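The values are calculated or read from the model by the stated rules, or taken from the named source; none is laboratory data. Predicted, not measured: the structure shown is a model, and the values here were computed from it. Here the Cβ positions follow ideal geometry from the backbone for every residue, glycine too, while neighbour counts run over all protein chains shown. Note: areas computed on protein heavy atoms with side chains; ligands, DNA, RNA excluded. Shrake-Rupley method; radii C 1.70, N 1.55, O 1.52, S 1.80 Å.
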Amino acid sequence: MEAFLPVGFLFIFALLLCIGLFTVKRLLGPRNPIASKLSVYECGVAPEGNARAPFKTHFYLIAVLFLLFDVEAAFFFPWALVYKESLAQGPALLIAMLVYMGFLVLGLVYIFRKDCLRLN
Amino acid sequence: MEWTDLIVIAVKTAIIYLGMVQVVPIMLIVERRGAAFIQDRPGPNRVGPFGLFQPIADVIKMMMKEVISPRQVNKALYLLGPFLVLLPASLIVAALPFGDFFTLFDKSYMIQIANLDVGILYVLAIGSLGIYGILFGGWASNNKFSLIGAMRATSQIISYEIPLGLAACGAVLSYGSFSLREMVMAQEGTLLGALPHWGIFYQPLGFLLFFIAAFAETNRLPFDLPETEAELVAGFHTEYGPMDFGTFFMAEYMNMATMSALMVSIYFGGWHLPWISDATLLEGLGSRNLLALLQVLTVIVKISFFMLVFVWVRWTIPRFRFDQLMRLAWKNLIPLGLINLVITALIFYFKGAI
């Protein structure tokens, strides 16, 4: 854990910078609020409704697919770390990875065929 | 660990961090003058010699402007937003190697904030936390442009995270280590007698993927869909005041600098000069600290080169459309990343570890 001690220092410095920026903003800037300054800025046109409206499920799908594929990609990391050392023990690790990647590619092809991301 | 060590480490951390923060004012002038140079106009040249004091003037202007937080916002998340982007951008700096060792009071210290065993995983993990700030800021602004900008930023950043991770995975495969420091150390000397022993020659496709994904991760121009000024006003920071905009801006430039530093350490030999090994240099210079200085300068020159590439690309290439951006990530980059992994693994299997 000692290796992470300097990260703690860095976190403190970064936090100090954030607090500094916040204080500077609070102290130096003038304040003269009027109603039109405080209203929504949507190109000067009077805003229609507010932004708490439903949005496309498309974005939700991207998030779900990201979760799947990023977790799958994360499983490659431990494999990549030990791969070179295990070369002497035959192709077991290579085959295991290819099988795993086969399933991943199958999933990817399924997404493209179903056109989940509206790519076409 | 003694208390002198603690002080040295704290001071070292502060110096490296402040050094990285200095990227922001420098890039402010470089970007604007660079844009002017490419578009054949003078650019900001009034404040100080060659307009060099322009960043100072800009910062003072930002500080002195009126603070407005609009009425419709969700106060807590709105105020938190910019800092949640800046904090992760600052924390990534911890894993970046800037040099080998320097000696002080007969003890040697790394020129790196922390030599983490999980280096590259740490970078990827902390790097993706920045999304929260953008999403909070955009949603809390309660403005349709901000919301759309934030949604675009999120889907873009998470989509390009996968090719970035796969490219990094290829690098881990060829170095057999997560630590950025060990990666740099493996890149000393020459390859095949003529080339510098750099990672790009082992992972050319991986570098290309990393390079493209780096632009998307930092919301830079061919992929700056979150803040397209022609359609979304300013994207997720439309409702923010000057200083908050400054904070987002700072985070963006620090992310650019860390991405450049990552490319340098993984693919371009980090602190090593091409062809020359550290032992020869140490013999020639005769002093450990002189060598450390040279190494830091090398890293700075390499990072500056990539920062210039960021500016150059920004003012040269037009913007993608959103569906083109998603298609590029999912249909081209992710399959290419997988192919890169398979090719690397097969080469290692048939040729033995290089």
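See the values below:
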| read-out | value |
| --- | --- |
| Quotient of C-alpha Rg and 2.2 N^0.38 Å, computed over the range B:33-116 | 1.75 |
| Calculated FRET efficiency for the pair residue B:109/residue A:106, C-beta based, R₀ 60 Å, to 0.05 | 0.75 |
| Cα long-axis angle, helix B:242-267 against chain B (0 to 90 degrees, to the nearest 10) | 20 degrees |
| Too-long pairs where the Cα-Cα distance tops 28 Å, listed order kept, from B:12/B:302; A:56/B:65; A:56/A:114; A:25/B:144; A:114/B:351; A:37/B:75 | A:56/B:65; A:114/B:351 |
| Ranked packing of B:299-306, B:91-98, B:64-71, most packed first, by mean Cβ within 10 Å | B:91-98, B:299-306, B:64-71 |
| Top of A:13, A:55, A:66 by mean-square fluctuation, Gaussian network on chain A, Cα under 10 Å | A:13 |
| Alpha carbon Rg of chain B, scaled by the compact-globule rule 2.2 N^0.38 Å | 1.04 |
| Using alpha-carbon coordinates, inclination of helix B:119-140 to the longest axis of chain B, degrees | 0 degrees |
| Spin-label model distance (nm) - residue A:99 vs residue B:275, 7 Å beyond Cα toward Cβ | 4.9 nm |
| Positive-end residue of B:13, B:54, B:270, charge dipole of chain B with Cβ unit charges | B:54 |
| Gyration tensor (Cα) of the range A:15-120, equivalent ellipsoid semi-axes in angstrom | 50, 26, 7 |
| Net charge, residue B:142 excluded, C-beta distance under 10 Å - Lys, Arg +1, Asp, Glu -1 | +2 |
| 0 to 90° range, to nearest 10: angle between helix B:3-21 axis and chain B longest Cα axis | 50 degrees |
| Label-point gap, in nm, between residue B:71 and residue B:56 - each point 7 angstrom along Cα→Cβ | 4.2 nm |
| For peptides B:262-268, B:115-121, B:238-244, A:29-35, sequence by mean Cβ density within 10 Å, most packed first | B:262-268, B:238-244, B:115-121, A:29-35 |
| Shielding score for B:108-118, defined as the mean number of other chain Cβ atoms within 10 Å | 2 |
| Residue-averaged beta-carbon neighbours from other chains (10 angstrom radius) around B:54-62 | 1 |
| Spin-label pair residue B:343/residue A:74, simplified geometry with 7 Å Cα→Cβ offset, distance in nm | 2.8 nm |
| Averaged over A:27-33, number of beta-carbon atoms from partner chains that fall within 10 Å | 5 |
| Share of carbon and sulfur in the accessible heavy-atom surface of the protein assembly as shown [1.4 Å probe, %] | 71 percent |
| FRET efficiency for residue B:191 and residue A:113, using Cβ-Cβ distance with R0 set to 51 Å, rounded to 0.05 | 0.75 |
| Segment residue B:39-residue B:324, length gained on full extension (0.36 nm per residue, minus Cα span) | 100.0 nm |
| Of the DSSP H helices in chain A, those whose Cα atoms cover at least 20 Å axially and whose Kyte score averages 0.0 or more | A:5-28, A:57-74, A:92-114 |
| Among B:343, B:111, B:126, residue whose mean-square fluctuation peaks in a GNM of chain B (springs only between Cα atoms under 10 Å) | B:343 |
| Spin-label zone in the range B:130-145 - amide nitrogen under 15 Å from a point set 7 Å from the Cα of residue A:52 along the C-beta vector | B:139-144 |
